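The values are calculated or read from the model by the stated rules, or taken from the named source; none is laboratory data. What you are looking at is a predicted structure, and each value in this text was computed from that prediction instead of being measured. Here the Cβ is made from the backbone with ideal geometry for all residues, glycine too, and neighbour counts use every protein chain on show.
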Amino acid sequence: MRRPALIFLLLFAALPVLGQQEQSVPSPAPTSPPTPTSIEEAPKPESLSPKPDLTPDANGKLPQEQMQQLFRVAAEKDLENDKRLRDYTYIERDQEHNLDGKGQVKSTEAKTYEVMELYGEQVQRLIEKDDKALNKKDAAREEEKIQKIIDKRKNESADARRKREQKEEKDREEGRKFEREVADAYNFRLVGTESLGGRDAWVIDAEPRPGYEPHMKYANLLPKFRGRVWIDKNDVQLAKMDIECIDTASLGWFLARVHKGTRIVFEQTRINDEVWLPKHFTMKVDVRLALLKEFRMDMDQTYRDYKKFRATARIVSVGDVKP
């Protein structure tokens, strides 16, 4: 699952897959959120920090410090959402349209996955290709893949588990640092309020801040993007973001270049009255790899059927199940 601030890096995270295979950003029309199925209700988590004060100053404007604090609170809460995602299984459908030089669709591929947590690791089990159930051979291959993960985790030593958990915590801390870097990289402007999924949200435009100096790896990419963000007024949670590339963004001299016009839209929805989780992700990307091969692709991901399971449930292999 992708964290919103790190979505700026998704353009580059997708490159290995591709190799194998004051103007604001317009807002797409919102769609109705999916209806979650809950196995177990949980109390609403307490806020991590007080709701930011958005009272305008004497000139009717909001100081950047207030806007940055709003973004930081929403970003921190979203990182907490990532932890609660581990309590859920869900269905993810990925669709890719490969385009030609004129933007016409050359080929389309769709894959649907069941996503679950196994021994602290989020795994995908392919269940459909092009919206059709897998044949017996492919289904057996997926089951074998899941069984290998179960066997590996069951036999994992305490030392190996500790190192893995430390690495995961380190990654989460890097995510927090990057979130704070994003808050410093932009000038934010409150546009107004809109209803999104039946809930009121602040609408905020973000433009690269002149004079910004990056401090983290890849933070130099941030000035290459601008966007619009919707933050739920009641929960101070990121409900939607719509960003676009406004200048060629390069990752290394020879690895990849993402061209102007590449666009990403990410939406979340409130689940179980306790957590905000992804609903829809789209990316229209124009990228050149190693200055040689160019890819034009439309990617669309939808998430549905969130179901909460008990964290204390024990996962067993097929051979452990007794009749």
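Here are the numbers:
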quantity: Long-range neighbours under 7 Å by Cβ, at least six apart or interchain, first residue surrounded by 11 or more Cβ atoms within 10 Å (Cβ to Cβ) and modelled with pLDDT of 90 or more within region 132-158, second of a type in the set (V, I, T) and in a helix (DSSP H, G or I); calculated: Q147/V318
quantity: Residues satisfying the stated conditions in region 298-323, i.e. buried (at least 20 other Cβ atoms within 10 Å of the Cβ) and either at pLDDT below 90 or of a type in the set (A, V, I, L, M) (or both); calculated: K308
quantity: Qualifying residue in region 151-171 (condition: under 19 Å from E207 (Cα atoms) and part of a helix (DSSP H, G or I)); calculated: no
quantity: Selection from region 66-92 of residues that are in a helix (DSSP H, G or I) and among the polar types (S, T, N, Q); calculated: Q66, Q68, Q69, N81
